[in-house]
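**Student:** Mind looking over this structure? Questions follow.
The values are calculated or read from the model by the stated rules, or taken from the named source; none is laboratory data. Source: prediction; values computed, not measured. No Cβ is skipped: glycine too gets one built from the backbone with ideal geometry, and neighbour counts run over all protein chains shown. SASA here: full protein model, heavy atoms, side chains in, ligands and nucleic acids out. Shrake-Rupley method; radii C 1.70, N 1.55, O 1.52, S 1.80 Å.
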Amino acid sequence: MGKLIVSLVLFTVCFPLYAGDQVKSKCSINSVDEGDPGMSMEDMLALEPEDLMVMKVYTASKMEECLTKSVATTTVIEQKQIKEMGARNLLDVLKVVPGFGVTQSIYGTRQIEVRGVRTDFSEKVLFMLNGHPLDNMLLSASGVFNFDGLPVESIKRLEIVRGSSSALYGANAFMAVVNVITQDAKDLDGFHASVAAGSFDTQQYQASWGKQFDNEFEAALHFNYADTNGIDSPLYVDSSRTLLGTSNLTERRVDFEWQLAYEDFKFEGRYIDKKLGTFFGITDVLSDKKTEQNYTSYFLKLSRQWKVTDDFTLDTQIFYDSFDSDSTWNVTPNTYLFSKFKDTRLGGEIQANYTMSDSQALIAGFSYAEESHGGREDSMGTNFSSSIPTPHTSGEYKRSRWGVYIQDVWDPFKNLRLTLGLRYDEYSDFGNTLNPRVGFNWEFVDNYSLKFSYGTAYRAPSVGELTFKNNSTLLGNSALTPELVETFEVGIIAQPTAELTTQLTYYHTDINKIITPAGDSLPLVYENTGHLITQGLEAEIRYNFIESFKGSYLSANSVWQHSIQADRRLADVPNYRINLIANWAIDRTWSGFAHVLIKGSTPRNLGDSRADVPGYTIVNLGILGKGFFNETVDIGFNVHNLFDKKYYDPAPQNLDFTGDFQAPGITFFGHVDISF
C-alpha cells in the first residue's frame, strides 16, 4: 500500500495540469481571504475545494499564512472532519495524522508517538489550547494529563506542525506542535449540546454557548463531562496464562472553558478536574481498582492586540497556570502511597507584527515566566488517616526563564516563500539555548511545490529529572542540560486538479543529550547520555468529489520510519503505519465514514527475549445524520474495531505479568447533538 501511495504521488508530480495565478494573489503575506481562522464555522464548511487551496494556518509561523505556502509540514483537521469520523476524544483524531501513533501507558494515560519517537509522558510534543501551552505538569515537563481524553465537541480545528519548532515556541516544541483551536462566540452564535454513550459504560455530556453583543462584548462558554469504566484488560502471571487480575482504566473528567472579549481585550482559560486509574500498579503491583490519580489543572490568560498602524500591531498577554496532584497509589496489596504536589507558572509575552509589504512580514517577541514546584506531601500506610509521612521524592524547586525571538517571512517572487527565524532562551538553572529555523516553499510549476526546512529544538529538563531523591532505584541530577534535536525535511506537494492533493515528505531527525537513567548499579541517576537518529518518508493523498457525490472524499497516508539508538532499531515503535479513509456523502442528510489502520510490528528493548509485538489491522465505521428537526439535531453512531481484532500495545519487561497492554476489542459509540 505504501508503494502505491508513493507511485500516485510521483505520477501526479510528473503530469502537472493548469492552475491560474488567482491562488498566488490570495496567498500574499497580508491577504486575509477565504479559509482564514477568523471565518465562521458555517462559512468554512461551505468552502469549495479551490477555496481550500488558500486556507489559512497560524501555528506554523505564528502568523496567518496559506497552508499551501507554509514551509512547515502542517496538517489541518476541521470540525466537519472530526464529526464525520465520530471521534470520541482528541486522541482518536490524532490517530489519522501522518507520522502520529497512540499507545497505552502503564499510568492509565496514552502515549503520543511522532516520527518514530515515543516516551512515557509525551513530553517531546507541545500541546496548546488556542495557542496556550498545556505542559504545566512541571514534574514531568508534560501536558499528558490535560490533552489525554480532551473532548472534541467544542474544537473548531486542529493545526498540527511536525518537526522542530523551538525557534517560535521555545521548550518542548521538539517533535511536533498540536494546537487545539476551540469555537468562539462567532462560531457558536447560540446554544449547542451533545449527549453520547458507548461501550465500557462510557458517557459524555457537552454544552456550549456563545453570543456577540451589540456593545462589542462577546462570550463563549464550553462545559464537558466524561466518564468511563475503561477496558478490563486481563493480566496473566505466567506464560500458561494464569489470570492475575484485570487492569483499572476508569476515568472521569470535568472541564470548563471560557472566552470573554471586549473590543481588543480577551480573557480566557480552561479548568480540568480528572480522576483515573492505572493499567498496572506504580510498583508493579496489581492495583485492583485501588489506585486513584486525581489531577486539577487550569490556566488564566488576559491578552490584547494593539493596533499601532495598519501595518504594525502588538500582541500582549499575561498568564497563570496551575497543576495540582493528589493521588493514592497502591504499592503493595494492602499498602498505599498518598502523594500531593503543586506546579505553577506565571508569565507574559509581547509579540510585534510588522507587515513590511505584500511580500514580506516580520514578527519579533519577548517572553518571561517563573515556574514553581512545591506543596509536596508524601505518606504511606493502610489508609490515609493512619499513614506515616515519608521522605519527599522531589524537592521544592523554582526557576525563571526568558526568551527572545524573531522571524522573517518573505516572498521574493510570487511562487517562492522564504522563512528565517531564531530564538534565544535563558534559564536560571541550566543556562541558555539558541535555536534557528530556515526554510523555503517553491512553487516551481503551478500547483506543484518543493518544500525544505531545517530547524533545531530543545526539551528542558523536568523538575523530576532535576530533583528526584530519597529513592533506592533512581535519582535526579541538578547538572542536567536540555535535550537537543536537529531536523531537516524536504517535500513535494502536488495539486494537479481541484479534487486531488498529494504530498511526499522525507525527514531526518538527530536527537542528542537524551535524558535517561544511567549507571552500573542502583540507584541509577539521570544523565544526558542518549543519542537517537530517526528518518522516514511520509506520503499523503486525498481526492475530493466535486460533481457527483459532492462532500465525499478518499484519503490515505503512510509513514515509513527507521529509528536507530545504540546501533539498533528503537524499541516499541513500528517501522510503518498506514491510514486509509473514506467518507461518503450519501445525500444532504446522511454520510458514512470508514477508517482502516494498518500498523507494523514493534521490536523489544535490548535484553528483552519476548517476541516482537505483532502488527495489526483494525477497521472503524461510522454513520452521521445531520439537520433533523429543522436543522437543529444531528445523530451519529460508530463501531470501532469492527472485526473485534485482538491487538496489543508494548508493555515494559519489568512488570510482574506476561504479555502486553491489551487494546479494546469491538466497541460502540453513539451521540446526539442539538443546536439552536
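**Student:** Output the number of residues of region 544-572 satisfying the condition of being hydrophobic (A, V, I, L, M, F, W, C) and open to solvent by less than 50 Å² (accessible area, probe 1.4 Å).
**Tutor:** Looking only at that region, the number is 5.
**Student:** OK, next. Return the only residue of Ser122, Ser142, Ser165 being of a type in the set (Ser, Thr, Tyr), touching an Asp or Glu at 6+ places or on another chain (Cβ under 7 Å) and crowded, with 24+ Cβ neighbours inside 10 Å.
**Tutor:** Ser142
Every residue, every condition in (1) modelled with pLDDT under 95; (2) open to solvent by less than 10 Å² (accessible area, probe 1.4 Å); (3) touching a Leu at 6+ places or on another chain (Cβ under 7 Å); (4) part of a loop (DSSP other than H, G, I, E, B), yes or no:
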| site | (1), (2), (3), (4) |
| --- | --- |
| Pro151 | yes, no, no, yes |
| Phe200 | yes, no, no, yes |
| Gln206 | no, no, no, no |
| Ala219 | no, yes, yes, no |
| Tyr225 | no, no, no, no |
| Asp232 | yes, no, no, yes |
| Ser240 | yes, no, no, yes |
| Leu244 | yes, no, yes, no |
| Leu249 | yes, no, no, yes |
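**Student:** Cβ contacts < 8 Å: first residue closer than 21 Å to His531 by Cα and without any contact (Cβ under 8 Å) to a residue 12 or more places away in the chain, restricted to region 552-575; second residue surrounded by fewer than 18 Cβ atoms within 10 Å (Cβ to Cβ) and of a type in the set (Phe, Trp, Tyr), any location; separation 6+ or different chain. Result?
**Tutor:** Pairs found: none.
**Student:** Which of (1) open to solvent by less than 20 Å² (accessible area, probe 1.4 Å); (2) not in a strand (DSSP E or B) is the odd one out, the single condition Gly636 does not satisfy?
**Tutor:** (2)
**Student:** Determine which single condition Glu489 fails, assuming it passes every other condition in (1) over 30 Å from Pro391 (Cα atoms); (2) without any contact (Cβ under 8 Å) to a residue 60 or more places away in the chain; (3) crowded, with 17+ Cβ neighbours inside 10 Å; (4) acidic (Asp, Glu).
**Tutor:** It is condition (2) that Glu489 fails.
**Student:** Out of the residues in region 349-396 meeting the condition of being assigned to a loop (DSSP other than H, G, I, E, B) and touching a Gly at 6+ places or on another chain (Cβ under 8 Å), tell me which one is surrounded by the fewest Cβ atoms within 10 Å (Cβ to Cβ).
**Tutor:** Going through the qualifying residues, I end up with Glu396.
**Student:** Right, next: Of the conditions (1) open to solvent by 80 Å² or more (accessible area, probe 1.4 Å); (2) more than 21 Å from the chain's Cα centre (by Cα), Asp187 clears all except one; give me its number.
**Tutor:** Unmet for Asp187, out of (1) open to solvent by 80 Å² or more (accessible area, probe 1.4 Å); (2) more than 21 Å from the chain's Cα centre (by Cα): (1).
**Student:** May I pose another question? Within region 428-447, work out how many residues are buried (at least 21 other Cβ atoms within 10 Å of the Cβ) and either in a strand (DSSP E or B) or at pLDDT 95 or above (or both).
**Tutor:** 6
**Student:** Moving on. Answer yes if at least one residue in region 330-348 is surrounded by fewer than 18 Cβ atoms within 10 Å (Cβ to Cβ), of a type in the set (Val, Ile, Thr), touching a Lys or Arg at 6+ places or on another chain (Cβ under 6 Å) and in a strand (DSSP E or B), and no otherwise.
**Tutor:** no
Residue-wise test of (1) closer than 29 Å to Thr73 by Cβ; (2) at pLDDT 95 or above.
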residue: Ile541; (1), (2): yes, yes
residue: Asn544; (1), (2): yes, no
residue: Glu547; (1), (2): no, no
residue: Ser552; (1), (2): yes, no
residue: Asn557; (1), (2): yes, yes
residue: Ile564; (1), (2): yes, no
residue: Phe593; (1), (2): yes, yes
residue: Ser609; (1), (2): no, no
residue: Asn620; (1), (2): yes, yes
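**Student:** For region 457-486, which residues satisfy the criterion of being assigned to a strand (DSSP E or B) and open to solvent by less than 20 Å² (accessible area, probe 1.4 Å)?
**Tutor:** Listed by number, the residues that qualify are Ala457, Tyr458, Arg459, Glu483, Val485.
**Student:** Give the residue that is least open to solvent (accessible area, probe 1.4 Å), with candidates limited to residues of region 573-625 that are hydroxyl-bearing (Ser, Thr, Tyr) and within 21 Å of Val114 (Cβ to Cβ).
**Tutor:** Within region 573-625, the match that is least open to solvent (accessible area, probe 1.4 Å) is Thr602.
**Student:** Working only within region 251-276, note down all residues that are open to solvent by 40 Å² or more (accessible area, probe 1.4 Å) and acidic (Asp, Glu).
**Tutor:** Glu263, Asp264
**Student:** Every residue in region 520-545 that is of a type in the set (A, V, I, L, M) and in contact with a helix residue (DSSP H, G or I) (Cβ under 6 Å, 6 or more places away or on another chain), please.
**Tutor:** Within region 520-545, Ala539, Ile541 meet the criteria.
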